[in-house]
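Structure first, then comments.
The values are calculated or read from the model by the stated rules, or taken from the named source; none is laboratory data. Note that this is a predicted model, so its numbers are computed, not measured. Every residue, glycine as well, gets a Cβ built from its backbone with ideal geometry; the counts of neighbours run over all protein chains shown. Just so you know, the surface numbers come from the protein's heavy atoms only, side chains and all, with ligands and any DNA or RNA stripped out. Shrake-Rupley method; radii C 1.70, N 1.55, O 1.52, S 1.80 Å.
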Amino acid sequence: MTLLDSLRRFDAYPKIDKEFSIRTVGGATLTFISGTIIVVLIYSELIAYLTPVVTDELFVDSTRGQKLKINLDFYIPRISCDYVSLDAQDATGEQHLHIEHTIYKRRMDLQGNPIEEAKKEDISAPKPRLEKKEENVKKCGSCYGAEKNSTHCCETCQDVIDAYREKQWNPNLDDFEQCQNEVLLGKKSLESKAFSEGCQIYGSMQVNRVGGSFHIAPGKSFSISHIHVHDVQPFSSSRFNTSHRINTLSFGEEFGYGQTRPLDFTEETVHEGAIMFQYYIKIVPTEFVPLNGPTLHTNQFSVTKHQKSVSVMSGESGMPGIFVNYELSPLMVRFTEKRNSFSHFATNLCAIIGGIFTVAGIIDSLLFTSIHALKRKIELGKFS
């Protein structure tokens, strides 16, 4: 026995001469089916191999010095842009100063169509006073104790209000003759302007990366003794319908994973005034590390909504509007894209091809043996 003859004894794949092989229709059908299954599974495995795997991990947030970007788009259909304002505050209640923002207001009609081009909103600076008509005044109007000097005159209701605000006093418009006269002369025109239009407030602003809040509320905002208030005169708060639609609200960029915009297309409709909407948001800082490109810093958030009536009859404190309070979690989530291992891909291909051919061979052998035995019984007349 030669060395080659000894080596042939270890052949795990013995060959059968073509003279002794039998080809059957059942075997051909099973080969076609198993081949189709192999092609489909290999294609799906290739897609899975080329698709990056995203892993996530949780750790303590140690980043410093970053800004928090707030993207928003709110539509208030029942309050004019002249009578609604956007204000941002930090966690202590102090108003944010020197905010970098691109917040715009767009006047809308009651059907939701734009009336004119959007105008940039000024958040940090004091709001401009309402325009007034110039008149020839013969006498000096009283400022009711809020005069700067002996020559200071308050000819209009707005002059009296501004003088009181400079003194950080709370004005009561019913005590001022100028306000009573203006209400009698122009209340109808004010009402038609305030409640015959809607307002869209949209854009983005960057604030310090600490907890805080922002709100959209009717009236002109100012501070008295470090208390943030809104002046809705000459109307009462119950006249303002705070129905709204949130087209978008996010605290960073969209990256395709997680929960970055759960409030998009939220719509709230009320049939009465003096409703205070409160959104309590928990922000989770998030990093996304793609296969190619720079790391993206963004935020996910969860939200809890609450609303209440703040009319005089309800006895609840507050003012009508949309209030968004947010706080940051001390933990950060990191999503990382990783490519699948080629060795794992090759192992799966071998498992698919070998496994299906083995199973198909077992099925073909069982079918061939069963059919052959059945035919033999029929030939011998033993089949019953």
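In the condition set (1) open to solvent by less than 40 Å² (accessible area, probe 1.4 Å); (2) closer than 30 Å to PHE301 by Cβ, LYS338 is compliant with all but (1).
Among the residues of the stretch 253-303, write down those that are aromatic (Phe, Trp, Tyr) and on the phi < 0 side of the Ramachandran plot.
Quick first cut of the stretch 253-303, residues aromatic (Phe, Trp, Tyr) only: 255, 257, 265, 277, 279-280, 288, 301.
Selection gives PHE255, TYR257, PHE277, TYR279, TYR280, PHE288, PHE301.
Among the residues making up the stretch 350-371, those that are aliphatic (A, V, I, L, M) and either touching a Ser or Thr at 6+ places or on another chain (Cβ under 7 Å) or open to solvent by 40 Å² or more (accessible area, probe 1.4 Å) (or both) are ALA351, ILE353, ILE356, VAL359, ALA360, ILE362, ILE363, LEU366, LEU367, ILE371.
Looking at VAL289, VAL284 in this structure, which one is surrounded by fewer than 18 Cβ atoms within 10 Å (Cβ to Cβ), within 30 Å of SER62 (Cβ to Cβ) and at pLDDT 90 or above? Break it down into steps so the answer makes sense when it comes.
Details: VAL284 fails: surrounded by fewer than 18 Cβ atoms within 10 Å (Cβ to Cβ).
Just one listed residue meets the conditions, VAL289.
The test for being within 26 Å of TYR279 (Cβ to Cβ) and at pLDDT below 85 does not hold for ASP61.
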